[in-house]
1. Please verify whether the stretch 109-128 includes one or more residues that are free of Cβ contacts under 8 Å to residues at least 12 places away in the same chain and farther than 15 Å from residue 189 by Cβ.
2. May I ask you to list pairs of residues, at least six apart or on different chains, whose Cβ atoms are under 9 Å apart, with the first in the stretch 163-184 being surrounded by fewer than 16 Cβ atoms within 10 Å (Cβ to Cβ) and hydrophobic (A, V, I, L, M, F, W, C) and the second being in a strand (DSSP E or B) and modelled with pLDDT under 95?
3. Just give me the residues in the stretch 97-121 being under 26 Å from residue 171 (Cβ atoms) and either surrounded by 15 or more Cβ atoms within 10 Å (Cβ to Cβ) or out of contact with any strand residue (DSSP E or B) (no Cβ under 7 Å at 6 or more places or on another chain) (or both), in sequence order.
4. For residues that are modelled with pLDDT under 95 and part of a loop (DSSP other than H, G, I, E, B), tally how many sit in the stretch 18-63.
5. Of the conditions (1) among the acidic types (Asp, Glu); (2) over 25 Å from residue 178 (Cβ atoms); (3) assigned to a strand (DSSP E or B), residue 146 satisfies every one except a single condition; which number is it?
6. Filter the stretch 78-114 down to the residues that are aliphatic (A, V, I, L, M) and either over 29 Å from residue 44 (Cβ atoms) or touching a Lys or Arg at 6+ places or on another chain (Cβ under 9 Å) (or both) and list them by number.
7. Looking only at the stretch 143-152, decide whether some residue is of a type in the set (Val, Ile, Thr) and within 26 Å of residue 41 (Cβ to Cβ).
Amino acid sequence: MQHIVHSAATGVQSLSLGFSLPRSRVGSVTASVRTNRDPSIYGLQLLFPGHDMGTFEGFPVCEASVSTLGMQGYGSIYGWIQMVRAGDPSDISTTPWEMDPIPILAGLNTPFAWFGPEPKLFDAPTREGVERLDWTCHSFLTYIEDSLVSKAVKPVLGFQWGFELHGGEPKVKVLRELQLNTWNGHLDLLENSFSDILLCQNYLNQKGQSITSI
């Protein structure tokens, strides 16, 4: 299931994706990207005290919620993993991807930005004093087959979003679903960043279905 809505009137893009996993784990994700019209509502003054909140207007705000069917508790535990690529638009194709830098998680051996029962993703990136930039984020919902016992992380689905800066003015990128094999392109980064975590590869079987492999 995929449902995409782009509303020019409200500046909100939304994407709905369903998933079905082994052991009767079924659910859906609703993701949205909107233009930040009021940075204080999203708490940016907590991250940047004393800064002019007006300079953060026009950047994207991304949220994604998980809804599970039939299972709660341990059966609804998932994790969000994010990789970002930010650089000058003229040579962005050669700019390396990196893990989304979250200060409180620095030095911890975990790939998850958010983890738990039906975890909600929230991100509101911004820049100050930058004239040109291409910023793209790959957000992946992932799961562990035994919920939280082992350290074998598998992808469920993913989406792309971001923004561009030209002359210091932000423009929000189109929200779109990622082909799940995009995950494979990030495996070197993930494995080099988290030595104790087993990141499973995704590939397509003969029926074109997305499956994972250790």
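1. no
2. So the pair list comes out as 174/6.
3. 97, 99, 100, 101, 102, 113, 121
4. Of the residues in that region, 3 qualify.
5. (3)
6. Answer for the stretch 78-114, where residues must be aliphatic (A, V, I, L, M) and either over 29 Å from residue 44 (Cβ atoms) or touching a Lys or Arg at 6+ places or on another chain (Cβ under 9 Å) (or both): 86, 92.
7. For the stretch 143-152, residues of a type in the set (Val, Ile, Thr) and within 26 Å of residue 41 (Cβ to Cβ): absent.
Rundown of residues vs (1) within 13 Å of the chain's Cα centre (by Cα); (2) among the aliphatic types (A, V, I, L, M); (3) farther than 22 Å from residue 192 by Cα, yes/no style:
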position	(1), (2), (3)
109	no, no, no
124	yes, yes, yes
128	no, no, yes
134	no, no, yes
142	yes, no, no
146	no, no, yes
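The values are calculated or read from the model by the stated rules, or taken from the named source; none is laboratory data. These figures come from a predicted structure and were not determined experimentally. Please note: Cβ atoms are built from the backbone with ideal geometry, for glycine as well, and neighbour counts cover all protein chains shown.
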